[in-house]
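The structure appears below as structure tokens.
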Amino acid sequence: MSATNHSHFKLYKPYGYISQMLSNDERQARKKKFLSSLYDFPKGVMAIGRLDEKSEGLLLLTTDGKLSDTINRSGIEKEYYAQVDGAITHDAIANLCKGVEIGLHGKKYMTQPCMVSILDTVPVLPERSKKLRDDRHGPTSWIRVVLREGKFRQVRKMTSAVGFPTLRLVRVRIGDIQLEHLQPSEVHPVEASIITSQIIEINVP
């Protein structure tokens with residue numbers, strides 16, 4: 001696949017931003033924050049996949065629509081760190097790994113088997129712009145979730161289905177491309193060869 005003459009970027013999407021450049025809805029455009037305000041992106045750039053408004057972390061962007069479609073359709077691994085409400089149990093982790101039933105577009109959907117594990121230490125992440133509640137309101141847990149699908153608000157719906165709602169969600173990896181030390185709102189150009197070698201060639205099952 002050739003990405004010649006196209007531009008590609010990786011971004012730490014901050015909390016509170018919509019994963020699109022602009023909105024044609026004037027009311028939404030006034031009230032919401034969009035990616036176009038973070039960087040002088042070239043014309044035609046689009047997000048590859050999405051993170052919901054309250055989620056953070058790694059987002060890839062490209063001007064190559066075919067590349068975006070390939071990545072979105074190919075079952076690329078995506079890794080998340082999720083802070084959940086409560087001391088999550090091993091039974092809940094086992095259920096998440098096997099798949100749980102969530103609501104999707106008004107219907108019931110069974111998630112595919114995936115990798116979920118409890119993180120022994122709190123991950124080192126930038127402080128979120130909107131403060132989370134502290135431990136005086138009860139314990140929280142951090143888990144690692146690796147999916148090959150990406151339904152709307154999937155991780156949040158999954159943890160809620162096993163009784164541990166997500167408080168904070170950060171995507172740290174897409175394929176072999178890592179969030180690394182990016183800070184919220186920071187954008188880095190990415191070479192086409194990196195997209196090809198670290199996502200397309202290695203991670204398509």
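Arranged by the count of other C-beta atoms within 10 angstrom, fewest first, what order do MET110, MET46, MET158 take?
Ranking MET110, MET46, MET158 by Cβ neighbours within 10 Å, fewest first, gives MET110, MET46, MET158.
So, by mean Cβ neighbours within 10 angstrom, what's the order for 189-198, 100-109, 49-58 with the highest one leading?
49-58, 189-198, 100-109
Quick check: Cα centre of the stretch 3-60 to Cα centre of the stretch 138-189, how many Å?
17 Å
Counting only DSSP beta bridges with both residues in the chain, tell me the antiparallel percent, nearest 5.
Restricted to the chain, the bridges split so that about 90 percent are antiparallel.
What ranking do 119-132, 169-182 get when scored by the average of other Cβ atoms within 10 Å per residue, highest first?
Result, highest mean first: 169-182, 119-132.
Counting each DSSP H run of 4 or more residues in the chain as -39500 (n - 2.57), what helix-only mean residue ellipticity at 222 nm follows after dividing by all residues, to the nearest 500 deg cm²/dmol?
Dividing the helical sum by the residues of the chain leaves -4500 deg cm²/dmol.
Run the numbers on the chain and let me know its relative contact order in percent, using alpha-carbon pairs under 8 Å that are six or more apart.
Reported as a whole number, the value is 31 percent.
Please find the FRET efficiency linking LYS33 to THR196, where r is the Cβ-Cβ separation and R0 is fixed at 30 Å, and quote it to the nearest 0.05.
Values: r = 31 Å, r/R0 = 1.04.
Taking R0 as 30 Å, the efficiency between LYS33 and THR196 is 0.45.
With Rg and Dmax of the Cα atoms in Å in mind, check [x] 17.2, 53; [y] 15.6, 46; [z] 16.2, 50 and report the label derived from this structure.
Correct label is [x].
Apply 1/(1 + (r/R0)^6) to the Cβ-Cβ distance of HIS90 and MET110, taking R0 = 22 Å, and write down the FRET efficiency to the nearest 0.05.
It comes to 0.55.
Give the lysines reachable from LYS78 as a straight Cα distance under 25 Å; neighbours fewer than 8 places away on the same chain don't count.
Filter leaves LYS10, LYS13, LYS33, LYS54, LYS66, LYS98, LYS107, LYS108, LYS130, LYS151, LYS157.
All of the numbers you see were taken from the coordinates with simple rules; none came from a lab. Worth saying up front: this structure is predicted, and the values here are computed from it rather than measured. Here Cβ is always computed from backbone atoms with ideal geometry, including for glycine, and neighbour counts include all displayed protein chains.
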